[in-house]
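The values are calculated or read from the model by the stated rules, or taken from the named source; none is laboratory data. Computed from a predicted model, the values in this text were never measured in an experiment. Please note: Cβ atoms are built from the backbone with ideal geometry, for glycine as well, and neighbour counts cover all protein chains shown.
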Amino acid sequence: MTLKGLALAASVAALTIGATAASAQTKLRIQTHFSQETLSGQMAGKFIDDIQTMSGGEIEVEMFYAGAVVKAAETFDAAATGILDCDMTGGAYQTGKNPAFQFAGDLMGGYTNPYQQMAWLLHADGRAKINELYNGHNMEFVGWWIPGPESLTSTRPIRGVADFKDWKFRSPPGLATKVFANLGASPIVMDFNEIFTALETGIIDGADAANLTNNIGLGLYDIGKHTNYPGFHSMPADHLACRKDVWDAMPDAHKRIMTVAMDSLAMHNASINEVKNAENAVKLRAEGVNLYEWSPEELGKFRAAVKSGWTEFATTPEAKALLESHVDFLVGIGAMSR
């Protein structure tokens, strides 16, 4: 080949590489319900930094915190319809569409810790099972990040099941409302950014919001001086889910980066929350907040209510299939009996 021919070939190659690089750009608008200041908000920021760095800047993210575009429960639809590209809230917000979303987010008392729940996702084909549900709603489930068992916040003691009688509290939608209502409480579904004012003005007596660390970030213990620790009632898995056409259009390398980064986020998030919750339990006790550790008998009463709630809530084929998959896994590892 002549020098002129080599130069022409080099130019064509450069143009091809440039075109490939241009086509590899992925731009995403993502919303989370967490504020940037909370630990979960900081962890979401780490995830964004990870995917942008690992992709060499090919993945660009415009991140919206604290429900800046739409309310938390509306994020999934906003992504599915093109207002956003991805939803970084949680599946349990979508139980109105199908109760199966409850079992794609929070089994309420089924798993003891985040590592058990992630094991179902990673080693029991959990991702594919969840996507059988999500794909039907024009969304692709990418991964979970699980802070660990949550702690309730209250302006009055919560020492056992009896204290839930007539207890007005902020509840997420889904199974939680049914379980707590059956135990005598009065759940009120409201968005994250409404909790503090509702607690401050006495509209609610307490809140099912987050774990100790994120509750502190929300300022809830400034008002509610009663909580339970260790947590037991709920361990929601926050998800990352992207609109199906956006996901399908991504290069395989970007999909892999997003998936691996979510699994990394899950590990970092679970471990840092375990450390921070233990540290914050010491601080809260020193500040006069009452931390109640429930007895095995009281925990048994709550879990009995949850178990019957599972059956009561799983009213669609998709919900029954996901619940059965979780139960099979839990029984298989000896974590529960049928």
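Just for segment 60-75: of the residues that are in contact (Cβ under 8 Å) with a residue 24 or more places away in the chain and not hydrophobic (A, V, I, L, M, F, W, C), which one is surrounded by the most Cβ atoms within 10 Å (Cβ to Cβ)?
In this case the residue turns out to be T75.
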Quick one: in segment 81-108, which of the residues that are crowded, with 20+ Cβ neighbours inside 10 Å and β-branched (V, I, T) is nearest to the chain's Cα centre (by Cα)? T89
Here the residues within segment 291-338 that are surrounded by fewer than 16 Cβ atoms within 10 Å (Cβ to Cβ) and among the polar types (S, T, N, Q) are S295, S308, T311, T315, T316, S337
Against the definition (in a helix (DSSP H, G or I) and either buried (at least 23 other Cβ atoms within 10 Å of the Cβ) or hydroxyl-bearing (S, T, Y) (or both)), how does A78 come out, yes or no? no
Does segment 307-317 contain at least one residue that is outside the structural domain of D166 (by TED's automatic domain parsing), at pLDDT 95 or above and β-branched (V, I, T)? no
When residues of segment 226-248 are filtered for being under 19 Å from A278 (Cβ atoms), surrounded by fewer than 23 Cβ atoms within 10 Å (Cβ to Cβ) and of a type in the set (A, V, I, L, M, F, W, C), how many remain? 1
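Just wondering, is there one or more residues in segment 171-181 that are at pLDDT 95 or above, part of a helix (DSSP H, G or I), buried (at least 18 other Cβ atoms within 10 Å of the Cβ) and among the charged types (D, E, K, R)?
Step one: filter segment 171-181 for residues at pLDDT 95 or above, giving none.
The answer is no; no qualifying residue exists.
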For segment 197-254, the count of residues that are part of a loop (DSSP other than H, G, I, E, B), β-branched (V, I, T) and over 21 Å from L284 (Cα atoms) equals 3
